[in-house]
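As structure tokens, the structure follows; a few thoughts come after it.
The values are calculated or read from the model by the stated rules, or taken from the named source; none is laboratory data. All of these numbers come straight from a predicted model, not from anything done at the bench. Cβ: placed from backbone, ideal geometry, glycine included. Neighbour counts: every protein chain shown. These accessible areas exclude ligands, DNA and RNA; they are computed on the full protein's heavy atoms, side chains included. Shrake-Rupley method; radii C 1.70, N 1.55, O 1.52, S 1.80 Å.
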Amino acid sequence: MSYAGDVDPADSYAALRADPDAVLVDVRTTAEWSYVGLPDLSQIGKRVIPIEWQHFPDGTQNDNFVELLRDAGVAEGAPIYFLCRSGVRSAAAANAATAAGLGPAYNVSDGFEGPLDREGHRTVAGWKAVGLPWRQG
């Protein structure tokens, strides 16, 4: 791991609330944002920065990811919390940001929806499951 570390969703939200420079970057796809939902940071006076790590629908990697981070106003030295569905794409994004000199970059472990439960549903962990604010896309 070359990024700053994995942080659970509740601790990520607390860090975003406590640090005015900290940002949350959702690296899921446009389809996920629209149909599954997005974190809602309005209660702490922030907005989520949505930048696809992989393009929908073909799954190709977004070669402009780091450039889009900078274009979105992510400043060098600002803590960045990366979120995906379950914590895999966001770890890759945190690595890419770190390699580009951004961050400290953190992976939000368990992501927005978390892992599957015994019935194949995403209800056991993640941003939504722990009751953090979110909204339907």
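For the reader, a short list of remarks on this structure follows.
- Accessible surface of the chain, 1.4 Å probe, proportion on carbon and sulfur as whole %: 48
- Each Lys and Arg contributes +1 and each Asp and Glu -1, all at the Cβ; summed about the Cα centre of the stretch 15-60, the dipole is approximately 160 debye.
- Shape call, the stretch 1-110: gyration tensor on alpha carbons, a/c limit 1.5: rounded
- Computed [θ] at 222 nm, helices only, for the chain once each DSSP H run of length n ≥ 4 contributes -39500 (n - 2.57): -7000 deg cm²/dmol
- Probing with 1.4 Å while keeping every protein chain in the model, the per residue accessible area of the chain equals 49 Å².
- Sorting the segments 52-61, 89-98 by their mean number of nearby beta carbons within 10 angstrom, highest to lowest, gives 89-98, 52-61.
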